Amino acid sequence: MKRSILIGICLCALSATAETFEAEPLAVADTLSLNEVTVTAIKQSSDMRTQATALTAIDRQEAERNQAVSIKTAADLVPNLFIPDYGSRMTSTVYVRGIGTRIDQPAVGLTIDNVPVITKENYDFDLLDIARFEMMRGPQNTLYGRNTLGGLMNIYTLSPLNYQGTRAVVEGASHGTWRVGASHYHLLKENLGFSLSAQYNSTQGEFTNQYNGQRCDWERQFNARAKVEWLSREGWYVSNVAAVTLSRQGGYPYEWVETGQIAYNDTCFYCRTSVTDGLTLRKDFNRFTLSSITSYQYLDDNMTLDQDFTVRDYFTLTQARREHAVTQDFIARSHEKAEGYNWLAGASGLYRHYRMDAPVDFYDYGIAQLIEKHFNDALPTYSVTWDTRSFMLGSHFTSPNWGAALYHESSYRWGQWTLQAGLRLDYEHARLNYHSETHTGYDILVNATGEIFAHGAIDIDDHGTLDKDFFDILPNMSLTWHPWPGKNHTVYLAASRGSKAGGFNTQMFSDVLQQRLMKMMGIGMNYDVDKMVGYKPEKAWNYELGGHFECWGARVQSDLGVFFMDCRDRQLTVFPEGTTTGRMMTNAGKTHSWGAEFAMTVSPTELTHLNVSYGFTHATFKDYNDGKADHSGKRVPYAPMHTLFAEASHGIKIGGDKDKLLTLAANMRAAGDIYWDEANTLRQPFYALLGASITWQQPRYSLQLWGRNLTDTNYKTFYFVSIQHHFLQRGHGRSFGATLRLTL
């Protein structure tokens, strides 16, 4: 760890002193121009590398070279950002700097062309024509609001005002994987353009369910986007982006550790239909800019699981939801000045409403092991027999939520120094209307005679409403030093407070209902619904010292930072009291995270690029007792200690023509150690995945041959316990593919 920091400091010092070299700046291809950033980045500076923010930016060329088509595949290139690939596209679990949870609210925000994505179930999809991917680490709540405690991911797609033409992609890879897509960008007038894009991808899957011999992680996905942009001479900018995504997949290739096999007898799948529309308006006035971002988002998804993931008939879960969300953000911002006072002020609102059905169906073996056995062990003189060998625990929900916020940020620059401070006042109201029901019955037998002693009828039909109000004050402040006037070097010290939204854990209702059923039999626990289901926001203070440096005509760019995060009311998944089939979300702990991040890009020639990024996080519990043990001092599970990405690429001109290139590239992606439990008894050691590609590029097309995990490294992406059974999911093995891109 100390060695990594010393190396990083030396490299940054090298960046600062290497300005003595006389060299012409490189013309880097496929990066966004300052004008394009000014158009698209409503709340950000035109040059983020001069700001007090830990930032990683990936341009289109780098994204295509590394097959980065989603947040999962782009995350590998970012220090301390980890998005494990497990379960299904519903999972979308994001960890950064030791912050993140598996269920409910995300810890990292996501915007696509300035439009916020409200639910994390909508995070994971493949996107065509990514122009730029940004990751700002550390709390971004002051400007961006809810669920940006760990940071914010921004994705910008190609603009028809900056690019015109027709593009197409055809890709084939291992495991019956295919992707085809096309996009068209056209100017109707000099300042009015539109684009249409669509792609379809599918895979037969890599993992086999040994119970039926079928691949369980198959997938079919389609998405389409339409964008219209207008930039007037009078200072108006208008953009509307409409998108639809259809996803159907099997998923959930969970291996039972006891048998070493993926084998379950009931259906598992995830289906999602999402529609979004985002309207951005911007008007430049003499001294400031006024912007409006409006969005509508619709989600219709269904997760159906063999929740015991064995060949036994325990129980299954279906979670079907329809959600509507509307967001509105008004932003006023002064024109950016190199000296003096700059300001930004805004007001935002959110309305979100969803309906959900989440029935749990108990079957023969589950009734025998999870209910009858507990009764019979408690009362050996009598035994209980269920009327039928299956019954349903029904859960139905509606949840209207709304929130509003006011925020402001000011900065003043004098000479080499910039002082910045911001504040957000945030209010959110969450309501849950629930309906829980089950209708079943059982006979109590006298063991000595086998006669029926009594019959118990269970008819539960509960209705209720839970309300929660959350109000938060979210400040940030920073001091930035530009040590060499006229040079693009930045050193900053920053502090900010972040928050992750509270709410209701609907997955606990089946357990609450199960315990009430067992209580009617004299063996269950009394659960307070509000206490068991509701949870508060998670909050943290983040302190960091960092810097951005450039030299040699921007051929060398480096970033270095150290951070400390003090997290309170940590949202954790814990075991509730009693005999249940799952876990619940609660505010059970306090954690500390500290670490360092380093990234450097070196381009010694126009066609040679070297890139390395490394993140270290030490995240531990400071106050956490799950009701069974005290885990204070233990490592926070699921968040890796190290993340590493390294890449080298070199282009060779064919016949001296720079438009005809043969590019060779190799990369390494690594992560670990990852602990799987709070007691730190199980872990995934540090692992590395090697990749390589060869790209033949002509003016009108390019053909890329690539390979991932070339050494076929065996590693795990997920580990969990259900009804005292241990399960894991293995990472993807060796794969090869070919990608053909056409420009017409």
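The values are calculated or read from the model by the stated rules, or taken from the named source; none is laboratory data. Everything quoted here is computed from the prediction, not taken from an experiment. Using ideal geometry, Cβ is built from the backbone for each residue, glycine included, and neighbour counts are taken over all protein chains shown.
General observations
- Within the set 556, 529, the sole residue that is of a type in the set (A, V, I, L, M, F, W, C), at pLDDT below 95 and farther than 25 Å from residue 494 by Cβ turns out to be 529.
- The set of residues in the range 670-686 that are within 10 Å of residue 641 (Cβ to Cβ) and either among the aromatic types (Phe, Trp, Tyr) or surrounded by 16 or more Cβ atoms within 10 Å (Cβ to Cβ) (or both) comprises 671, 672, 674, 675, 683, 686.
- Restricting 329, 300, 277, 266 to residues that are closer than 20 Å to residue 392 by Cβ and either among the charged types (D, E, K, R) or in a loop (DSSP other than H, G, I, E, B) (or both) narrows the list to 266.
- Scanning the range 80-116 for residues that are in a loop (DSSP other than H, G, I, E, B), under 9 Å from the mean Cα position of the chain (by Cα) and closer than 23 Å to residue 43 by Cβ yields a count of 3.
- Qualifying positions in the range 260-287 - modelled with pLDDT of 95 or more and β-branched (Val, Ile, Thr): 262, 273, 275, 276, 280
- Among the residues of the range 41-67, those that are in a loop (DSSP other than H, G, I, E, B), surrounded by fewer than 20 Cβ atoms within 10 Å (Cβ to Cβ) and either touching a His at 6+ places or on another chain (Cβ under 7 Å) or hydroxyl-bearing (Ser, Thr, Tyr) (or both) comprise 45, 46.
- Cβ separations smaller than 7 Å between residues 6+ apart or across chains give the following pairs from the range 368-384 residues that are within 18 Å of residue 449 (Cα to Cα) to residues that are aromatic (Phe, Trp, Tyr): 382/453; 384/375; 384/442.
- Scanning the range 450-499 for residues that are out of contact with any Ser or Thr (no Cβ under 6 Å at 6 or more places or on another chain), of a type in the set (A, V, I, L, M, F, W, C) and either surrounded by 14 or more Cβ atoms within 10 Å (Cβ to Cβ) or at pLDDT 90 or above (or both) yields 453, 466, 470, 471, 473, 477, 479, 481, 491, 493, 495.
- Test: residue 663 is outside any loop (DSSP other than H, G, I, E, B) and under 22 Å from the mean Cα position of the chain (by Cα): no
- Some residue of the range 698-711 being surrounded by 17 or more Cβ atoms within 10 Å (Cβ to Cβ), touching a Leu at 6+ places or on another chain (Cβ under 9 Å) and under 18 Å from residue 95 (Cβ atoms): no
- For beta carbons closer than 6 Å, sequence separation of 6+ or different chains, a first residue in the range 475-489 that is aliphatic (A, V, I, L, M) and a second that is modelled with pLDDT of 90 or more, the qualifying pairs are 477/421; 477/495; 479/419; 479/493.
- For residue 126: the one exception among (1) in contact with a strand residue (DSSP E or B) (Cβ under 8 Å, 6 or more places away or on another chain); (2) farther than 15 Å from residue 71 by Cβ; (3) acidic (Asp, Glu): (2)
Table: residues versus (1) in a loop (DSSP other than H, G, I, E, B); (2) in contact with a helix residue (DSSP H, G or I) (Cβ under 8 Å, 6 or more places away or on another chain).
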| residue | (1), (2) |
| --- | --- |
| 121 | no, no |
| 134 | no, yes |
| 143 | no, no |
| 153 | no, yes |
| 163 | yes, no |
| 172 | no, no |
